[in-house]
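Written below as structure tokens is the structure these notes are about.
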Amino acid sequence: MAVSADVAAYDASLSADDRALCEALAAMIADALPEAESQVWHRHPVWFLDGNPIVGYHRLASGVRVLFWSGQSFPTPGLAKSGAFQAA
């Protein structure tokens, strides 16, 4: 599934460098999860499977953060806990 219009608009609102990074992230996520639906949720791009948030990103003052909602269950070193629902 292609990136939604509201996610594309979010990316387009960013500076040139941030836009390039976020457009690349959106393309990678869309390619990896072709069955997922993308939308801006709580002011940030998020991809959903069966109505459940899976992955998203947002621009912070320090950079772009990528969030995986079940990321605490990944066996990948370096992922930091973030909020509830096993996000990392």
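Values quoted throughout were computed directly from the atomic coordinates according to the rules given, and no laboratory measurement underlies them. Just so it is clear, the structure is predicted and the values come from calculations on it, not from any experiment.
Observations, loosely collected:
- Residues with amide H under 5 Å from that of SER4, placed H, sequence gap 5 or more: SER38
- Evaluated at q = 0.23, 0.26 Å⁻¹: base-10 log I(q)/I(0), Debye formula over Cα of region 1-44: -0.75, -0.93
- Taking amide H positions as modeled 1.01 Å from N, with prolines and chain starts lacking one, the residues under 5 Å from VAL55 and 5 or more places away or on another chain are TRP47, TRP69.
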